[in-house]
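Taken together, the values in this text are just the output of simple stated rules run on the coordinates, not laboratory data. Because the structure is predicted, anything quoted here is derived from the model rather than measured. Here Cβ is always computed from backbone atoms with ideal geometry, including for glycine, and neighbour counts include all displayed protein chains.
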Amino acid sequence: MTTASTTAPGPPRPFGRLLCAMVTPFTESGAPDLDGARRLAHRLVSGGCDGLVLSGTTGESPTTTDAEKAALVGAVRDAVGERAHVVAGVGTSDTRHTIELARDAEKAGADGVLVVTPYYSRPPQDAVEAHFREVADASGLPLMLYDIPARTGTRIEPDTMLRLADHPRIVAVKDCAYDLLGTQRVMSRTGLAYYTGCDEYTLALYASGGAGCVSTVANVTPGHFRAILDAFDAGCTTGAARLQQQAAELVESMMAGGLPGTVTAKALLTELGLPAGPPRPPLRPADRKTTDGLRAAYERLLAQTLGQGAEHRSTKTGSHPCRDMPTSGSRTPLSGTTLSLPIVTSTSRSR
């Protein structure tokens, strides 16, 4: 997969527009489920994802081994071929270890690497900059920097971003800093492609000139987030805003309910009969009450999406403000496939 922009004109999009922070499926015994990973990756790409980010926090990077990470990249690369970008999470608190993982990812077939700020040790900004430069120099893969100070304890300050932008292999940022002004400052002065890692900010950053999103919620709703971006690109800002607002309940349920997105995404995927399995300790599966709440939020979003489609079909040409809003052909915004999403009869932020 090349790293050229896949949508033009517009801001640089080295990894496409819609990327999913994919969970790492496990078997019930806790072993990697590579066949499940292939099936999930295929579904996500068929549902509208341009790229998959593997072994990030959502992919349980702290509890997977180096060999498991490399095997996951190989399995997903095999499943999606050249249809999507494969970005491997390689960030650790150890520069040497991060470099080893970046080289392993390159050998396994990744198109790029996601590198988080070294965590816990809280290095000063000159050390943060040196860390990223050393990783960028160590392989031939482009880097997406991951700025999430709520988890790492250390921000990649805008001035540091401005300096790092001069490295030819530092091309993108996954932005979870909640500093839209600082983000706009860097975007206005560099060619860095900014992807929001906060699902509630998908449209806000995209409308400000961002490249797209790296979405956890897209594990279960890839088509819906693709529809948000498609609507905005088609000039239907009203429709894009409506789609973003419709997703708010599910985003809040999955990302702001006191549990990590890994746990909630796996709970809902399992509820829908899709590959996920349990999280590894110390994380624990969601309880029944939480899972039922996730399922209810998901079904309400599905009902809104299907109802909106009926509204579009029944509206006379010329009378609807977003009559040209893209619908991804015959795909539903939620599932990305023709009503193929399984429907199961009901029986502070942590990303």
### Query
Along the Cα-to-C-beta direction of residue 151, a point sits 7 Å from the Cα; which residues of segment 31-62 have their amide N less than 16 Å from that point?
52-62
### Residue-span extension gain [residue 256 to residue 120] - 0.36 nm each, minus C-alpha spacing
46.7 nm
### Summary
In the neighbourhood of residue 179 defined by beta carbon distances under 11 Å, the net charge of the other residues (Lys, Arg +1; Asp, Glu -1) is -1
## Note on the structure
Expressed in angstrom and rounded, the centroid-to-centroid distance over alpha carbons for segment 21-38 and segment 189-217 is 27 Å
### Query
Under 5 Å between amide H atoms, partner at least 5 residues away or on a different chain: which partners does residue 215 have, H built in plane at 1.01 Å?
19, 20, 21
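So which of 107/266; 174/289; 69/266 end up more than 24 Å apart by C-alpha?
Details: 107/266 28 Å; 174/289 32 Å; 69/266 18 Å.
Violating the 24 Å Cα-Cα cut-off are 107/266; 174/289.
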### Cα coordinate range in segment 36-85, projected on the principal axes (Å, largest first)
28, 18, 18
### Query
Once you put a point 7 Å from the Cα of residue 184 and another 7 Å from the Cα of residue 249, both along the Cβ direction, what distance in nm separates them?
3.2 nm
#### Entry: Loop GluC sites (Glu not before Pro), segment 3-97 (other Cβ atoms within 10 Å of the site Cβ: 13 or fewer; DSSP)
28, 82
### Query
How big, on average over all directions, is the shadow cast by the Cα convex hull of segment 224-291, in nm²?
5.3 nm²
### Query
For segment 1-105, what is the largest minus smallest coordinate of the Cα atoms on each principal axis, given in angstrom and ordered from greatest to least?
45, 32, 19
### Query
Size of segment 41-189 along its principal axes in angstrom, Cα-based, largest extent first?
39, 31, 27
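Specify whether the C-alpha gyration tensor of segment 143-270 places it in the rounded, prolate or oblate class, a ≥ b ≥ c being the square roots of the eigenvalues: rounded for a/c under 1.5, otherwise prolate if a/b is larger than b/c and oblate if not.
On the way: a/c = 2.14, a/b = 1.32, b/c = 1.62.
Since a/c reaches 1.5 but b/c is at least a/b, the shape of segment 143-270 is classed as oblate.
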